[in-house]
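First up is the structure itself, then whatever we jot down about it.
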Amino acid sequence: MQWETVIGLEVHVQLNTVTKIFSGSSTAFGAEPNSQANLIDLGMPGTLPVVNKEAINKAIQFGLAINADINQHSAFERKNYFYPDLPKGYQTTQLERPIVGAGAVEIELADGSKKSIRIHHAHLEEDAGKSLHEDFHGMSGIDLNRAGTPLIEIVSEPDMRNAEEAVAFARKLHSLVTSIGICDGEMSQGSMRFDVNVSVRLAGEEKLGTRTETKNLNSFKFMEKAIALEVERQIDVLESGGTIDQETRLYNGDTHTARAMRSKEDANDYRYFPCPDLLPVMVTDEEIELLRNALPELPVARKERFVSQYALSAYDADILSGDLHLSNYFEGVAAVSGDAKLSANWVMGELASYLNRDDISIRQSPVSADQLGQMITRLKDGTISSKIAKQVFEACWNGEGDPDQVIEAKGLKQMSDSGELEKLVEQVLADNAAQVEAFRAADEGKQKKMFGFFVGQLMKLTQGKANPQQLNALLLKKLND
Amino acid sequence: MSLHDKTLKQLRDGLQQGEFSSRELTQHFLSRIASHDSALNAFITVTAEQALAQADAADKARAENSAGVLGGIPIAHKDIFCTQGVRTSCASKMLDNFISPYDATVVTRLKQAGVVTLGKTNMDEFAMGSSNETSFYGPVKNPWDTQRVPGGSSGGSAAAVAARLAPAATGTDTGGSIRQPAALCGITGLKPTYGIVSRWGMIAFASSLDQAGPMARTAEDCALLLQSMVGPDEKDSTCLNRKVDDYLSGLNKDIAGLTIGLPEEFFPKDLDGRIAESTQAAVRELEKQGAKVVSISLPSVKLSVPAYYVIAPAEASSNLSRFDGVRFGYRCKDPVDLMDLYKRSRSEGFGEEVKRRILVGTYALSHGYYDAYYLKAQKVRRLIRDDFARAFEKVDVIAGPTSPELAFNLGAKKDDPVTMYMADVFTIAVNLAGLPALSMPAGFIEGLPVGVQLIGNYFREDQLLNVAHRYQQATDWHQQSPVFGGDK
Amino acid sequence: MAINQDTVLRVAHLARLQVTDQDCAELSTRLSDILAMVDELQQADVSDAAPMAHPLDVQQPQREDKITETDIRDLVMPLAPAAENGCYLVPRVIE
């Protein structure tokens, strides 16, 4: 049987405001438990919410970035349910009147094809706290620092047909929200979390199958794996004559397993109603225009600029424009080195592989854009060879100093003094008289192959510091003497 | 005249002129509470030590010429207002152990004005009730007849003021909780326009209806207290950012030419004829002073009780979800799991009426019933507001009885919530519309006080207080004082 | 509309209230009485009325994104029935 997968995403994006959506508590990550939970965040009796202007503005900017309708009259509602990390017994969110209406995002797939994914709406809401299970001898500890952090929940239409599309969409959103500066994009800190709705149906079938929701995936990798796992499970169930239960599931990335959530067993009835402590949020045309004008360059525009300004290939430009921090880093390197192409190669090559190896984000790179730019400058001015450059980069990565310091301290400068190099060439030729004889007797084709032997010997002798062009010229001259 | 018979205004003047100190005054009221409150149960918590310290501070400020406008005057707060360092129980077992970590804005404002806090007054649990019988701390008794209820939910504040245990008190009014007990206890109480007094720190019952207001013996005293309670507050999104009105300077204005509307719906056929007559008599007094009286109709007002008993419980069911035994308040013993923690903490911590209303509200919001109940009630709410808006095109003030009945016997309606809900039949529409209204003493029937309700247009508290003040210049109902257990 | 005992139990569960079998019958009667009174609403003609969530037509004020709150953990933690290591303690949360 031929199955088709249908995927819709709900993406929670933490807005990078200084304070919470309804209180003046800090949203900084990693503080002592409950040290950033004030009277309002704790749901103390008698406390009331007041909306953070920045949260509204950032949500609107997201809407503008995806060409969505901005609802000039939006409203907050209460979603009622009991959970220890939800201090008031309701989450303040939006339902009937979300601030961002329908829009769309274009994704690009590996084969170069493009696809538009529709956004149903995006709404503002408050994040919940965290339940901690370690170190509480069988109980759970509740930390409410995160409670009240502003979120936008972006709800897509079920427009994706496989994990690749879902990941491309998720990455696109990551790129968008970081580019317009409304989210720090730190996945490891939960700044972006994905709920994935998956169903399968027989190819050609119009009616959607029963879907499951896999909640709280916090990396692209886990998302891809969780989708694959769920699709496989659903097909297995259906092919063995079973039916899919509409349920909420949890994916465990460590074990690559998933299971239905127990806490959601009883059918939820959230009893939404307009929050009586908050009034309608009104936005004027003028305010929207101001926010539109303040919108930073979008990834699509940046990509085009990278192609025209730096003469990068479309492929390189796409990668480098996708993430704001990566874009800024690349432009920093290019500005210092004055060579965009070389900068792009180093950022996407050596730097990317080190980031990947150590599993850190570009913002955590121990080599700054300045340093990489300086190193490329040394490469271009012939101070070091590209082979040595890799050594310099590794030393910089390990915190051994700026490129110039490393080159100096390790004596990695290219040997460009022709007198010294000449002596070394003569020494190698003298030490390998038989090979020299053979070279001189050989025809042109064979000579080309044999030339490498001499280069290798000399590189060994100079520990790679010989300037390759100079070396080649000298060697050729001496061999043909 | 003993100190406790003086009005707030007289006490203020006495303090200003150095006739007595705040310490003497505070001590006097504390002594009265100590010797008389056992007969009334009007206070949940008496903060004697803090009160005397505040009194000394007020006397010192007075000596240094830096006393606030109400410097040194003792009052009581309904136990629904958060008071830092003092138990704030909302008359519930749920909050019996809750020492508030902060002050409500109303409390802060009055502190800034220099008042001394005698203590926290009894009330219906979470302000849900019209008789003060739902309190975890036992019912309050009406000082005019201690076999009878004082009304509710601000019954403790009303009884304390009526019995001269405090010159004035704060109250809150969600469906009549200031006005109905004021009427049943023979004092003056004002529910302001929704949004002119901050709700920050006032434990929420129904957020879109709740409003704090003053309770005192006279309209003038209510004006004095209100003046120090109102004003914008950045902590409450629903508190209006508008300049504060002057409630004092126009109190004695001539009311000649003022139009008073009498809604036919406030005088139904089955209304106690004596209450109707007391109301008419009060209106005649205003007519004597030059007011014009016209008959009006507010047809949708008859739906205010059903609309209210959807909206208020719906909001309450959500507002009371935070009482879950996790961060503060009551927690059941040895919960076996999370569900057990929630269910037993809430079932043991809340009283019966609170639980009933939570259930009604939960039901009204639940899947399949939202449109039929909640949404419908919200639409009816608009009809009611529109009725008032039309009426205020023709009249300045609307008058009628505050309560359809006199103070009833304790326990008389305890097992019949629907009959109890009808106690607020004349007061509820005002909360749904968000209008200001007051109740003032307008006579006695069989030794029990009768109250008349005056309803004003939005932000016209000044006019209501003016009319009531003029009425009180011509009558002495508000000066009568009850004789109750051990008083003489 | 009458509320039967099953509905009472369902709604009580949503509201996290415990209802004994004994209470359930009485609650069913009481709540049915209340709803019978509330059902008067159904007679109202509300075809032209927009729902009214707030008494006044005003809009939400918005505050500046500035930190105004300080760490009050030591002040409020003692109010909790159970706490440990700066966290509120509850029976184990099972997701």
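If you average the sequence gap of Cα pairs under 8 Å that are 6 or more apart and divide by the length of the stretch A:3-288, what percent do you get for the contact order? Each step should come with its number before you reach the end.
Numbers: 610 pairs, mean separation 71.5, N = 286.
Taking the mean separation of contacting Cα pairs over the length of the stretch A:3-288, I get 25 percent.
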- For the stretch A:213-220, what does the Karplus curve 6.51 cos²θ - 1.76 cosθ + 1.60, with θ = phi - 60°, yield as ³J(HN,Hα) per residue in whole Hz, taken in order and with x for Gly and Pro? 10, 9, 9, 6, 7, 10, 8, 5
- In whole angstrom, note down how far apart the Cα centers of the stretch B:435-475 and the stretch B:82-160 are. 23
- Task: Do me a favour and compute the ellipsoid semi-axes for chain C from its Cα gyration tensor, root of five times each eigenvalue, largest one first, whole Å.
- Result: 39, 30, 11
- GluC sites (Glu not before Pro) within the stretch A:390-481: DSSP coil, no more than 15 neighbouring Cβ in 10 Å: A:Glu400
- Task: Determine by what factor the alpha-carbon radius of gyration of the stretch A:297-410 differs from 2.2 N^0.38 Å, reporting the quotient.
- Result: 1.03
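For B:328-340, what's the mean count of beta carbons from other chains sitting within 10 Å of each residue's beta carbon?
Working: counts 10, 4, 1, 4, 2, 0, 1, 4, 1, 5, 12, 7, 2.
Going residue by residue through B:328-340 and averaging, the value is 4.
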- Task: Could you tell me, in Å, what Rg and Dmax come out for the Cα atoms of the stretch A:418-479?
- Result: 10.9, 30
- Task: Can you grab the distance from the C-alpha centre of the stretch A:80-159 to the C-alpha centre of the stretch B:269-335, Å, no decimals?
- Result: 39
- Message: Run the Debye formula on the Cα coordinates of the stretch B:5-79, all scatterers equal and no solvent, and tell me log10 I(q)/I(0) at q = 0.13, 0.22 1/Å.
- Response: -0.38, -0.99
- Query: Near the amide H of A:Ile119, under 5 Å away, which other amide H atoms are found, from residues 5 or more places off or on another chain, if H is placed in the peptide plane?
  - Reply: A:Gly103, A:Ala104, A:Val105, A:Glu157
- Distance cut-off 17 Å, percentage of C-alpha pairs in the stretch A:71-171 lying past it: 64
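In square nanometres, what is one fourth of the surface area of the convex hull spanned by the alpha carbons of the protein assembly as shown? Before the final figure, lay out the partial values.
Working: hull surface 219.4 nm².
For the Cα atoms of the protein assembly as shown, the hull's average projected area reads 54.8 nm².
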- Message: Could you compute the net charge surrounding B:Glu220? Neighbours are other residues with a C-beta less than 11 Å from the C-beta of B:Glu220; K and R count +1, D and E count -1.
- Response: +3
- Longest exposed-loop-site-free stretch of chain B, with GluC sites (Glu not before Pro), DSSP loop and at most 12 other Cβ within 10 Å? B:65-445
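Let me check against my output: what whole-number percent is the relative contact order of chain B, with C-alpha pairs under 8 Å and at least 6 apart?
18
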- Measure nothing fancy, just the Cα-based angle from helix C:21-38's long axis to the longest principal axis of chain C, in degrees from 0 to 90, nearest 10. 70
- Based on the inverse mean of 1/r over its pairs of different Cα atoms, what is the Kirkwood hydrodynamic radius of the stretch B:380-465, in Å? 14.3
- Message: If every alpha-carbon in the stretch A:3-288 counts as one equal scatterer, what log10 I(q)/I(0) does Debye give at q = 0.07, 0.10, 0.14 1/Å?
- Response: -0.27, -0.55, -1.09
- Note on the structure: Residues A:Ser74, A:Ser188, A:Ser365, B:Ser295 in order from fewest to most other beta-carbon atoms within 10 Å are B:Ser295, A:Ser188, A:Ser365, A:Ser74
- Item | Sparsely packed GluC sites (Glu not before Pro) within the stretch A:74-138, loop by DSSP, other Cβ within 10 Å at most 15 | A:Glu96, A:Glu134
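How big, in percent, is the set of alpha carbon pairs in chain A lying more than 34 Å apart? Don't jump to the answer; show the numbers that get you there.
Values: 58257 of 115440 pairs.
Every Cα pair in chain A considered, those over 34 Å come to 50 percent.
If the limit is 24 Å between Cα atoms, which of B:Lys141/B:Lys302; B:Lys253/B:Lys288; A:Lys53/A:Lys114; A:Lys341/A:Lys423 go over it?
Details: B:Lys141/B:Lys302 30 Å; B:Lys253/B:Lys288 15 Å; A:Lys53/A:Lys114 36 Å; A:Lys341/A:Lys423 36 Å.
Pairs exceeding 24 Å: B:Lys141/B:Lys302; A:Lys53/A:Lys114; A:Lys341/A:Lys423.
Given Cα positions, please report Rg to Rh for the stretch A:188-335, the hydrodynamic radius being the Kirkwood one.
On the way: Rg = 22.3 Å, Rh = 20.1 Å.
Rg/Rh: 1.11.
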- Item | Rounded to 10°, Cα long-axis angle of helix C:5-14 versus longest principal axis of chain C | 20
- Note on the structure: Normalised per residue, the volume inside the convex hull of the alpha-carbon atoms of the stretch B:324-424 in Å³ amounts to 184
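Within 10 Å of each Cβ in C:27-39, how many Cβ atoms from other chains are there, averaged over the peptide?
Values: counts 4, 0, 0, 9, 5, 0, 5, 12, 9, 2, 8, 17, 3.
For peptide C:27-39, the averaged partner shielding equals 6.
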- Item | the stretch A:236-244 - phi-based ³J(HN,Hα) in whole Hz, Karplus 6.51/-1.76/1.60, Gly and Pro as x | 4, 4, 5, 6, 9, x, x, 10, 8
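Taking the radius of gyration and the Kirkwood hydrodynamic radius from Cα positions alone, what is the Rg/Rh ratio for the stretch B:30-144, to two decimal places? Display every interim value, and only then the final one.
Details: Rg = 14.7 Å, Rh = 14.7 Å.
Rg/Rh: 1.00.
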- Message: Distance cut-off 29 Å, Cα to Cα: go down the list A:Lys207/B:Lys379; B:Lys9/B:Lys60; B:Lys333/B:Lys413 and report the pairs above it.
- Response: A:Lys207/B:Lys379; B:Lys333/B:Lys413
- When Rg is the radius of gyration of the Cα atoms in the stretch A:376-426 and Rh is its Kirkwood radius, what does Rg/Rh come to? 1.05
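Viscosity 1.002 mPa s, temperature 20 °C: Stokes-Einstein D of chain B from its Kirkwood Cα radius, in µm² per second? Don't skip to the answer; put the middle values down first.
Values: Rh = 22.2 Å.
Answer, rounded: 97 µm²/s.
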- Can you pull a Stokes-Einstein diffusion coefficient for the stretch A:325-481 at 25 °C (0.890 mPa s), Rh from Kirkwood over Cα pairs, as a whole number of µm²/s? 142
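Can you give the Kirkwood hydrodynamic radius for the stretch B:149-252, in Å, rounded to one decimal and based on Cα pairs? Before the final figure, lay out each step's value.
Numbers: mean 1/r = 0.0730 Å⁻¹.
One decimal place: 13.7 Å for the Kirkwood radius.
Partner chain Cβ atoms within 10 Å, averaged over the residues of B:416-427 - can you pull that number for me? Please list the in-between numbers first.
Values: counts 2, 5, 7, 2, 0, 4, 1, 0, 0, 0, 0, 0.
Taking the mean over all residues of the peptide, I get 2.
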- Karplus ³J(HN,Hα) for the stretch A:283-296 (6.51 cos²θ - 1.76 cosθ + 1.60, θ = phi - 60°; Hz, whole; x = Gly/Pro) runs 10, 8, 4, 4, 4, 5, 5, 4, 5, 5, 5, 7, 5, x
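At a 10 Å Cβ-Cβ cut-off, how would you order A:Ser131, B:Ser130, fewest neighbours first?
Values: A:Ser131 21, B:Ser130 27.
With the fewest neighbours first, A:Ser131, B:Ser130 line up as A:Ser131, B:Ser130.
Computed from the coordinates by the stated procedures, all read-outs in this text should not be read as laboratory data. Just so it is clear, the model here is predicted, and its values are computed rather than measured. Positions of Cβ are generated from backbone atoms using ideal geometry, with glycine treated the same way; all protein chains shown enter the neighbour counts.
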